[in-house]
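The block underneath contains the structure these notes are about, expressed in structure tokens.
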Amino acid sequence: MPRRIILDCDPGHDDAIAILLAAGSPNIDLVGITTVAGNQTLEKTTRNARVVATIAGLHNLPIVAGCDRPLLRRLRTAAEYHGDSGLDGPEPVTPTVPLASGHAVDFLIDSVMAAPGELTIVATGPLTNLAIALRKQPAIVEAAREVVIMGGAHGTGNVTPAAEFNIFVDPEAAAVVFEAPWTVTMMGLNLTHQAICTEDTQRAIASIGTPAARFANSLLTFFRESCRKAAGMVDPPVHDACAVGYVANPELFETRSAIVEIELYGTATTGMTVVDFKPSDGPERRIGVSLDAPAFWDTVIDAIARIA
């Protein structure tokens, strides 16, 4: 039976690939998208979510805008990777999937509480929406099936030597999410840097020939160049798709149990995910450590090919 998920995201090129994977995977039932400020401003990430949903044919999918800034800090975006629009590269698309009314925090709460034990929250941006949902309705801890995030690292970061972008943007929100007594699986940089999109992989996506595949190819072309310029990468890691891929095909991923704490006060280490791989009596925390990259990309390619 497909896993029911809400995708909380900040599109973003890798978020866009994650949306396409969720839309096309037979193992995922995407019940809604919530947006948050991160890779770009909330206005831009929300429009981008609507654009990708339009390309994917998700015309009846609720897309609900959320928080436009971190809990305590000034917003930092990632235009150096994602461009001024947050989704530079493809030809402009006018979205036809409408923005749903209401706020993402309330949508998360209402959806999870209406289906106890059924919904997995997949978060691929800063964790602001989830943190406020927890504070507003703590019972979602028991009602959610699981939380899977793309964020953090058990090693070097990508914004600072210590911190990964999503956690760095709103570390206080991340601390709230990791302190809550629910199951959290973290796909950090150590895992996502194994999900690189080689030129051969990109050609395989382009060869599908559908509008969704052409859109994905344009995204990856821009992202490849921006990752080269900003970080010296030969091939871009498509971080956020790993979180959706884990829910769709967990057998492709190896995870390890760990204790995770978020550094909030360090002069040079704010936003660090402090990971200790040892047994714990506390809430379940799983850290992605490796994946079958060829099979993962086969899953992504198959999902894009399924989008009419």
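The values are calculated or read from the model by the stated rules, or taken from the named source; none is laboratory data. This is a predicted model, so every value here is computed, not measured. FYI the Cβ positions are ideal-geometry reconstructions off the backbone, even for glycines, and counts take in every protein chain you see.
Couple of notes before you dig in:
- Candidates in the stretch 238-272 are the residues that are among the β-branched types (Val, Ile, Thr), in contact with an Asp or Glu (Cβ under 7 Å, 6 or more places away or on another chain) and within 22 Å of Thr124 (Cβ to Cβ); of these, the one that is surrounded by the fewest Cβ atoms within 10 Å (Cβ to Cβ) is Thr270.
- Residues that are more than 20 Å from Ile149 (Cβ to Cβ) and surrounded by 12 or more Cβ atoms within 10 Å (Cβ to Cβ) within the stretch 275-292 comprise just one, Asp292.
- For the stretch 163-198, the candidate set comprises residues that are farther than 24 Å from Glu284 by Cβ and in contact with an Asp or Glu (Cβ under 7 Å, 6 or more places away or on another chain); within that set, the residue that is surrounded by the fewest Cβ atoms within 10 Å (Cβ to Cβ) is Thr198.
- Per-region count, the stretch 250-288, residues among the β-branched types (Val, Ile, Thr), in contact (Cβ under 8 Å) with a residue 60 or more places away in the chain and more than 25 Å from Val141 (Cα to Cα): 2
- Considering residues of the stretch 48-82 that are farther than 30 Å from Ala175 by Cβ and among the small types (Gly, Ala, Ser) only, the residue nearest to the chain's Cα centre (by Cα): Ala53
- Test: residue in the stretch 118-128 that is in contact with a Ser or Thr (Cβ under 9 Å, 6 or more places away or on another chain), crowded, with 19+ Cβ neighbours inside 10 Å and either part of a helix (DSSP H, G or I) or modelled with pLDDT under 95 (or both): no
- Out of Leu30, Leu72, Leu7, Leu21, sole residue that is among the aliphatic types (A, V, I, L, M), surrounded by fewer than 23 Cβ atoms within 10 Å (Cβ to Cβ) and either out of contact with any Lys or Arg (no Cβ under 6 Å at 6 or more places or on another chain) or assigned to a loop (DSSP other than H, G, I, E, B) (or both): Leu72
- The set of residues in the stretch 164-191 that are more than 26 Å from Glu118 (Cα to Cα) and not hydrophobic (A, V, I, L, M, F, W, C) comprises Glu164, Asp170, Pro171, Glu172, Asn190.
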